[in-house]
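Read the figures in this text as sums done on the coordinates, not as results from a lab. These figures come from a predicted structure and were not determined experimentally. Here the Cβ is made from the backbone with ideal geometry for all residues, glycine too, and neighbour counts use every protein chain on show.
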Amino acid sequence: MRKLMLAVWMMVAGTCLAQQIDLKSLDQFAAKAKSKTEINMDESMVKSAAQFLNQDKKDEAAVKNSVQSLKGFFLRSYEFDTNGPTKFRLEDLKPILDQIKGPNWTSFLRSQEDDEQTEIWFHRTNGQIDGLLLVSAEPGEITIINAVGVTKLEDLSSLGELGKFAEQAQKKPAPKNDDN
Amino acid sequence: MWLAAAALVLLMIGGIGVVQEQRRQAEGERAKKELMVGLRITGSKLRDVQERLLAIQQRVLQRSENKETQ
């Protein structure tokens, strides 16, 4: 009976961890990157962050809807000097992509043009989407996003809206300084 | 004497509570900022993908139109 319980627990633990990708293979690029963003958020951190999101703010409201089912968020984004010595090769993605060879991962999108590669994969448990992996690599930039617990494609559309907000914010002219 | 000691203990418990709440709020705000940055990057990457797909679609359409005119 104990052995059966242990086996069940191991299966459950295995399923929980299966959506999370080990991103350690990217550590070698962190030190060489011109700029980097690294985010590791487990479920408790996501929930804690969600409590502080303001529903009245447009961008935060969009995030609040997206993160309702989120159980983990792991991101690595590195930018390199394209003329520098550190060259990111698509082969460097192999340790990441090897982890999604299991039957629970299905490719949603794969695009490879010249030295640019974009892949979106979904993790499914009992046919239900419960994880996402986005890989975007181009010369001078690599971004890997692993969202655990993403259940609906609609969640992603609101993230797309968030991207729009970010772009609009970038396009906005800098506020004039009265001192000038 | 006992009253003063009790008041001091209450004050200390209250103080610890306030500090803990402040720490919780600071951690929550930091986590929120981190999450917002992460999801902004995700959103922007998804838009990039969408634009790339549209460009591919347009190229395919253009090619088929060119074939038809030939």
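In whole angstrom, how far apart do the alpha carbon centroids of segment B:2-42 and segment A:58-97 sit?
So the two Cα centres are separated by 30 Å.
Can you return the aspartates and glutamates within cross-link range of A:K58? Criterion is Cα-Cα under 18 Å, with same-chain partners fewer than 8 residues away left out.
Correct list for A:K58: A:E154, A:D155, A:E161, A:E167, B:E29, B:E34.
Kindly identify chain B as rounded, prolate or oblate by the Cα gyration tensor criterion: order the square roots of the eigenvalues as a ≥ b ≥ c, call it rounded if a/c is under 1.5, otherwise compare a/b with b/c, prolate if a/b is larger, else oblate.
Note, shape of chain B comes out prolate.
Say R0 is 30 Å: what FRET efficiency, to the nearest 0.05, do A:T37 and A:T125 get from their beta-carbon distance? Show your work: numbers first, answer last.
Details: r = 29 Å, r/R0 = 0.95.
Result of the calculation: an efficiency of 0.55.
Equivalent-ellipsoid semi-axes (√(5λ), Cα gyration tensor) for segment B:7-48, whole Å, largest first?
They are 40, 4, 4 Å, listed from largest to smallest.
Given a Förster distance of 45 angstrom, what is the FRET efficiency for B:K33 paired with A:T82, based on the Cβ-Cβ distance and rounded to 0.05? Spell out each step's value before the answer.
On the way: r = 29 Å, r/R0 = 0.65.
Here the calculated transfer efficiency is 0.95.
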